[in-house]
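Read through the structure below, which is laid out as structure tokens, and then see the notes.
The values are calculated or read from the model by the stated rules, or taken from the named source; none is laboratory data. As the structure is a prediction and not an experimental result, all values here were calculated from the model. With ideal geometry, Cβ positions are generated from the backbone for all residues, glycine too; neighbour counts draw on all protein chains shown. Surface accessibility is based on the protein's heavy atoms, side chains included, excluding ligands, DNA and RNA. Shrake-Rupley method; radii C 1.70, N 1.55, O 1.52, S 1.80 Å.
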Amino acid sequence: MNTFADTVAKLCSVSIRDYINPYSYLNWPETVGFDEWCTSPELISLYGTPVYDSLSTAEQKRLSFYEAINFFSLNIHGEKSLIEGLAQRLYRKGNDVVSPYIHHFLDEENKHMIYFGGFCVRYAGKVYPDRKMVFAREYAPGEEDFLFFAKVLVFEEIVDVYNKRMAKDERIAGIARQINFLHHRDESRHLAFGRLLLKDLFDRYSPTWSAETREGVREYLKNYITTTWKEYYNPAAYKDAGLKDPFDIQEEALRSETTRARRREISTGCIRFLMETGILAEQPQL
Amino acid sequence: MKTEIEIRQSLREWIAKTNGKIRAEDLNDDTPIIERRIISSLQLTDLILMLERLSDNLIDVEMLKPGAFRDINAIYRNFFETANAQSS
């Protein structure tokens, strides 16, 4: 039977084998036009809503560009906080087994930000700002590490569904497709690592937590999933795409049963893992 | 742009509704909403969206000064005062 250490060693060797130079690997086109899809239509946040259906194909493609900018911006912010957290844990006492892989994790996440940032800055001249904040507080033993890696897992699991689908979608601009492919290729290892580590942390620390701490962790995680999803519905992207009343559009889209069903479908793997491991005791409100 | 009184009232109502336990009339403009955990870090994301809607401006949290969300006075000062002064 493979131990956690064996799996980490295997993940390291694949990272070494697949090592790439992020500056020479991609051929960046001069422009990406509004006449191309940059997000798969079915993954556009408003897809299936009356607002989306009222748009012409040209307007839908323009929206798909700003949805890509939002998706890549979310990735940049997620990976920035991931890099911060990973760097803090590198060579920390008790992390001997995982530290070699944290080096690869950091390297790969930095490369992803080069791709995402390259797309946003080249073609839109901006990255949408982050709206998430974390307040300092006291934690039970293992709780901070657990919550950090749980948030990483939620963020990466959802992102990876988008990456996998768009990496194969011949309709979308080549550069957007390639970025999704490259991200997915590394993320599949990060996800495997994340699931193993999160279960290990939960099994190790949760028996030592009070019922109140355990309940607090679950409640926080459920709310985190809901908040993560809200960020896919960005009024700033709707405004840039030329849509009127972007905040109303966001609220209506989040209330729509069509988009709720899509959020559920995309989150299935992530939530199944969290339920099966006992990390979550009930489904989050999507 | 709403008036100062309207903005402060909107903020009080939003905080009370989001918290679910505190009433708008029990909330002062100097009640520390973060320190007293009336608003959680995750609810802050919604507050930022609400402020963006009210001020018609994108907010970059990385550019904010510490304490920008401390209470209603701080929120008004940081996100509305300049714009309202310019429009009056």
The percentage of the accessible area of the protein assembly as shown (probe 1.4 Å, all protein chains present) made up of carbon and sulfur atoms, to the nearest whole number, is 50
Between the alpha carbon centres of region A:151-191 and region A:47-91 the gap in Å comes to 11
Dipole check, region A:129-196, charges on Cβ (K,R +1; D,E -1), about Cα centroid: among A:Ala136, A:Met166, A:Leu191 the Cα furthest to the positive pole belongs to A:Met166
Around A:Glu187 (Cβ within 11 Å, Cβ-to-Cβ, excluding A:Glu187; K/R +1, D/E -1) the net charge comes to -4
Charge tally for neighbours of A:Arg131 with beta carbon under 13 Å away, counting Lys, Arg as +1 and Asp, Glu as -1, is -3
Buried accessible area between A and B, both sides, 1.4 Å probe, in Å² rounded to 100, is 1900
Between A:Met275 and A:Asp18, Cβ-based FRET efficiency (R0 30 Å, step 0.05) works out to 0.40
With the label point 7 Å along the Cα-to-beta-carbon line of A:Gln283 and a cut-off under 19 Å to each amide N, the hits in region A:144-178 are A:154, A:158
Residue separation between A:Arg92 and A:Ala211 times 0.36 nm, minus their alpha-carbon distance, gives in nm 40.1 nm
Computed over chain B, protein heavy atoms only, probe 1.4 angstrom, the accessible area per residue in square angstrom equals 57
The extension gain from A:Asp6 to A:Tyr139, computed as 0.36 nm times the residue separation minus the Cα-Cα distance, is 44.8 nm
Averaged over residues of B:42-48, the number of beta carbons from other chains lying within 10 Å of each residue's Cβ is 6
From DSSP H assignment alone, runs of 4+ in chain A each adding -39500 (n - 2.57), the sum over residues rounded to the nearest 500 puts [θ] at 222 nm at -23000 deg cm²/dmol
So for R0 = 41 Å, FRET eff. of A:Glu42-B:Glu25 from the Cβ-Cβ r, to 0.05, ends up at 0.30
Within region B:59-74, the residues whose backbone N lies under 11 Å from a label point placed 7 Å from the Cα of B:Glu81 along the Cα-to-Cβ direction are B:73-74
Quick calc, chain A, dipole around Cα centre from Cβ unit charges on Lys, Arg (+) and Asp, Glu (-), nearest 20 debye, gives 220
Cα-Cα longer than 24 Å, checked against A:Lys61/A:Lys126; A:Lys93/A:Lys199; A:Lys164/A:Lys230; A:Lys132/A:Lys239; A:Lys126/B:Lys65; A:Lys168/A:Lys244, kept in input order, equals A:Lys168/A:Lys244
Partner shielding of A:235-244, taken as the mean number of other chain Cβ atoms within 10 Å, equals 1
Neighbours of A:Arg218 by Cβ distance under 14 Å: Lys/Arg at +1, Asp/Glu at -1, summed charge -2
Each label sits 7 Å from Cα toward the beta-carbon; between B:Ile5 and A:Lys168 the label points are separated, in nm, by 6.1
For the A:Arg264, A:Glu84 Cβ pair and Förster radius 30 Å, calculated FRET efficiency rounded to 0.05 is 0.45
Shielding of B:55-63 by other chains, given as the mean Cβ count within 10 Å, works out to 3
Over chain B, the sum of -39500 (n - 2.57) across DSSP H runs of at least four, divided by residue number and rounded to 500 deg cm²/dmol, gives at 222 nm -16000 deg cm²/dmol
